Amino acid sequence: TQPASFNSEAGDRFPSFLDQRQEDVFLAFTSSRPLPNKRNKRNVVTGEPKDEDIYLVVRENDSTFGTEVERINNKKINTKKNNGSATFSGDGLTMYFTICGSKNNRNGCSIFESRYDPVKKKWAKPVFMESVNGTRTVIDDRGRTRQVPAEDRQPFITRDGRTLFFVSDREGGEGRFD
């Protein structure tokens, strides 16, 4: 097997198909590839750029992929925070994805939803999914117990749109992210 033609030396991960029943089918993925003309902060452990964004590449008719990679050009989707792990409804008009460090969870990740407007050809402002995102109990540095937002991330929606799977660090799991 060969690496895909669009792979980069940065961390490329969390692939998901986007098919809006229009002209093209895309593979969406998360990448920490550096942005041109920007000073990219680096992760002190991996050396990769800190910011992750969602990118698209066209799937060709023969099931190969193009080499032209496009970052979703929407500041509401690809914010200055880490964004990624996108998954799409069967009709391709709803995206569920993770934003880490948002105002809803400053120290962790949360799941958001955005609807695509086929007329305007753009994604709407992401909405924090209160019904999905949970809390966990922690003991603070003063010994008090309090509720904080759980780390909910890496969503996957079933094709029929009825079930959303994701990992979380909530109580009741077997490990850190179940």
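The values are calculated or read from the model by the stated rules, or taken from the named source; none is laboratory data. Quick caveat: nothing in here was measured; it's all calculated off a predicted structure. Virtual Cβ from ideal backbone geometry, glycine too; neighbours counted across all protein chains shown. Each accessible area value is taken on the protein alone, full model and side chains, heavy atoms only, with ligands, DNA and RNA left out. Shrake-Rupley method; radii C 1.70, N 1.55, O 1.52, S 1.80 Å.
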Selection count, region 87-138, where residues are out of contact with any strand residue (DSSP E or B) (no Cβ under 7 Å at 6 or more places or on another chain) and at positive phi: 1
Odd one out for G66, checked against (1) small (G, A, S); (2) in a strand (DSSP E or B); (3) under 20 Å from Q154 (Cβ atoms); (4) touching a residue at least 40 places away in the same chain (Cβ under 8 Å): (3)
Residues of region 117-131 classified as loosely packed, with under 12 Cβ neighbours inside 10 Å and of a type in the set (A, V, I, L, M), total: 2
In region 52-63, the residues that are open to solvent by 60 Å² or more (accessible area, probe 1.4 Å) and not in a strand (DSSP E or B): E60, N61, D62, S63
Filtered residue count, region 132-178, keeping only those that are modelled with pLDDT of 85 or more, surrounded by fewer than 17 Cβ atoms within 10 Å (Cβ to Cβ) and of a type in the set (K, R): 5
Subset of region 69-101 (residues that are under 15 Å from R153 (Cβ atoms), of a type outside the set (S, T, Y), open to solvent by less than 40 Å² (accessible area, probe 1.4 Å) and not in a loop (DSSP other than H, G, I, E, B)): N83, G84, A86, M95, F97, I99, C100
